[in-house]
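The values are calculated or read from the model by the stated rules, or taken from the named source; none is laboratory data. Just so it is clear, the model here is predicted, and its values are computed rather than measured. Glycine gets a Cβ as well: all are built from the backbone with ideal geometry, and neighbour counts include every protein chain shown. Calculation scope for accessible area: heavy atoms of the full protein, side chains included, ligands and nucleic acids excluded. Shrake-Rupley method; radii C 1.70, N 1.55, O 1.52, S 1.80 Å.
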Amino acid sequence: MSRLRTTTALTLARTAGILSRRLGFGGGTSLPGQLARAIDPAILTNFCHALPAGVILIAGTNGKTTTSRMLAAILEQAGVSLLHNRAGANLLPGLTTVAINNADWRGLPRASCALFETDEAALPQAIAETHPRLVVLLNLFRDQLDRYGEIDTIARHWRQALQQLPATSTVVFNADDPAIADIVHQLPVRTVAFGLADERHAVGAATHIADSQFCHTCGHRYQYQRIFYAHIGHYVCPQCGHRRPDPVIALTVLEPRGLEGSDLQIDHPNGQIRFHVPLPGLYNAQNALAATAAALALGIDTSTICIALSQIQAAFGRIERISAGSHGPTMLIALIKNPVGASETVRMFTTATTRPLHLLIAINDRFADGTDVSWLWDADFEPLAQRVAHVTVSGTRAADMALRLDYAGVATEAITVIDDLPTALDTALAALPPGETLAILPTYTAMLELRSEITRRGWARPFWEA
Amino acid sequence: MQLTLRLAHLYPDHMNVYGDRGNIIALRQRCQRRHIALEVIPVNPGDTVDWQTMDLAFFGGGQDSGQALIASDLIERQGPGLRAAIAADLVVLAICGGYQLLGHYFLTHTGERLPGLGVLDVYTIAGKRRMIGNIVIEVDLGKGPWQLVGFENHSGRTFHGPGVQPLGRVLVGYGDNGQDRKGGAIYRNTFGCYLHGALLPKNPQLTDHLIELALRRRYGTQVELAPLPAERELTAQRVMVQRLLSRR
């Protein structure tokens, strides 16, 4: 009975996926899983149970897509037969779809290991269903409060779920985020801390979007010796002494190389590794650090890590480089979806180059973006003042974004509002002087729209193949 | 004469969710563009404040943990001075958690009564359902009716006593309690409501009203607020009001 149920679930779900793509509804990255789960609720659990090398989950507000992609590249370089939700469908139906697409007719896996980036709200259920051998926790920032609620609530749910992990599991975590370190504190599993140690990248003081500035043990304000951004840094509670755990895997040197990437040096218990990661910004250096820590925890050798990370390509819309036609200008697409991520993206563009910036910012307020655009006021767009040659603003909340830039000090005559995204893209490209790069900052659904537009123009492949 | 206004930002580190600092950005921009200096003074737990020197105060929303950490400081340390200043027409804008904390009390799910400052004649009862979405309120601040737009996200239901005037009537959304169409409350120069968005950037009529009230209180009723265009602000407001009213 159970096998018949699984087979039925698989057949129906796969047919739905093929139909969805043929009928032009998109990649079918969630629907098949949703159908299969309705017929056979245990389908993902049984599948994961049969994976010889087990399941890896990656969660965090920012960086999970890029970090998963980096870890996947390392595992593939190491010869692991891997399945991975690389199209970014990170709710349980998405995870289940990946499982179905990699299962034989009995529902058993055709790979040895699964790597899933997991949505913040879905992590507890994903832990319960997949019994992961490794969980990587990146950070917790405010994000779509209309959907997720407060980060305190998410942190509590994560901790409850992680307490159910078998003692043989490993949790690799970001020691620089006090919210994450608190979740992991005294968990009865193996824990591996990673953290930033190149203090040249610290900023002066705690920023206004720091969410977890208060000690989770006693409520007193943390003292920061170093702060890198938001609430990420080296902290200690002056009242109870609760402090940042010492990372065993530390980013000791981060040498930025403009928009081309960074040179990194990472210290680990058995030595040191150095490589160039071809993705720019502190953020991506941190993602590379997290992927390295996870790979080391899995026992992968350092030369494999270096080879894989020095060849990494940007994930879909994560500072992804695309040419507008065969001889057209370069577009750099950087998804923005929450205040900390948007602020860091702005910081990356304004520090990587001294040239005037050419921007297209597209803000939508559909469900997947978060229907509340209040976050635009928590993000720091102020560094763009005096730095923007031209910015085209688009999306369902273009007027809000234009006002945000106006109040951030961007010259009002540099701002053009065009609601329709394809028209906005044309305008932005037309305003671009030869040799310059167009930086595109879309929210999630604006990025999908943009992707389908540039795919239609033949400039890029569809996202589920990217 | 250089006009200067002093704004007390209540507990900026604890009460800072949902982009509420956009309200400070809006006040600063619309002051600066009129050559009015706006001094922002953060008020953190343990700080001593001379409320008589303040012209404006802003009090945003926070996470529950943040709210719990500052409530006693608000009531015990700042209470007497802030209460007296509000009675003397200090211009106050309080959003969400800040609004609730200016009321009499918050009644939790377990029946616990968490006291507020009690300067606004409102009280809040914990609700089961979270009220989330865009909101439009029709207001009249003395220059004719207009529609104020924002985003609400709260489960507390706030009810008014006779000591406050409603800020406006809810056209779209839940409002203070989801029942009586009241959206926000006014007492003297204190304004409280649930509107994030942030509220002030897209509602320049209210921003200017608060600045004007503060200027007249400080520099005398003959002071006129210099006219200032608000094209981008009003476009953002109109786009959302039209979209929301057309879906009713």
So, in the range B:189-246, of the ones that are of a type in the set (Lys, Arg), surrounded by fewer than 24 Cβ atoms within 10 Å (Cβ to Cβ) and touching a strand residue (DSSP E or B) at 6+ places or on another chain (Cβ under 8 Å), which residue ends up nearest to B:Leu117 (Cα to Cα)?
B:Arg217
Can you pull out every residue in the range B:63-107 that is of a type outside the set (A, V, I, L, M) and open to solvent by less than 10 Å² (accessible area, probe 1.4 Å)?
B:Gly66, B:Gln78, B:Gly79, B:Gly97, B:Gly98, B:Tyr99, B:Gly103
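Quick one: in the range B:232-248, of everything that is in a helix (DSSP H, G or I) and more than 9 Å from every other protein chain (Cβ to nearest Cβ), which residue is nearest to A:Met401 (Cα to Cα)? Break it down stepwise before answering.
Residues of the range B:232-248 in a helix (DSSP H, G or I): B:232-246.
With more than 9 Å from every other protein chain (Cβ to nearest Cβ) added as a condition, the list becomes B:234, B:241-242, B:244-246.
On the way: B:Leu234: 13, B:Val241: 16, B:Gln242: 18, B:Leu244: 18, B:Leu245: 21, B:Ser246: 22 Å.
Looking at residues that are in a helix (DSSP H, G or I) and more than 9 Å from every other protein chain (Cβ to nearest Cβ), I get B:Leu234.
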I'm trying to understand the selection: among the residues of the range B:108-134, which are open to solvent by 50 Å² or more (accessible area, probe 1.4 Å) and either in a strand (DSSP E or B) or within 22 Å of B:Val172 (Cβ to Cβ) (or both)?
B:Arg113, B:Leu114, B:Pro115, B:Tyr123, B:Lys128, B:Arg129, B:Arg130, B:Ile132
Determine whether A:Thr443 is modelled with pLDDT of 95 or more and open to solvent by 30 Å² or more (accessible area, probe 1.4 Å).
no
Conditions (1) touching a helix residue (DSSP H, G or I) at 6+ places or on another chain (Cβ under 6 Å); (2) part of a strand (DSSP E or B); (3) not acidic (Asp, Glu) -> A:Leu403 fails only (2)
Which one of the conditions (1) more than 9 Å from chain A (Cβ to nearest Cβ); (2) open to solvent by 10 Å² or more (accessible area, probe 1.4 Å) does B:Tyr18 fail to meet, given that it meets all the rest?
(1)
When you scan the range B:60-82, do you find a residue that is in contact (Cβ under 8 Å) with a residue 40 or more places away in the chain, more than 14 Å from chain A (Cβ to nearest Cβ) and among the charged types (D, E, K, R), even just one?
no
Here is a list: A:Ser374, A:Ser343. Which entry is within 14 Å of chain B (Cβ to nearest Cβ), open to solvent by less than 40 Å² (accessible area, probe 1.4 Å) and farther than 27 Å from A:Asp426 by Cα?
A:Ser374
Could you tell me whether any residue of the range A:213-227 is open to solvent by less than 30 Å² (accessible area, probe 1.4 Å), within 19 Å of the chain's Cα centre (by Cα) and at pLDDT below 90?
no
State whether the residues of the range A:343-357 include one that is more than 13 Å from the chain's Cα centre (by Cα), in a strand (DSSP E or B), closer than 21 Å to A:Val203 by Cβ and at pLDDT 90 or above.
yes
May I ask you to list the residues in the range B:24-59 that are facing chain A (nearest Cβ under 8 Å) and under 17 Å from the mean Cα position of the chain (by Cα)?
B:Ile25, B:Ala26
Out of the range B:83-107, which residues are within 14 Å of another protein chain (Cβ to nearest Cβ) and not in a helix (DSSP H, G or I)?
B:Ile95, B:Cys96
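Is the range A:410-418 home to any residue that is under 25 Å from the mean Cα position of the chain (by Cα) and either facing another protein chain (nearest Cβ under 8 Å) or open to solvent by less than 30 Å² (accessible area, probe 1.4 Å) (or both)?
No - not one qualifying residue is present in the range A:410-418.
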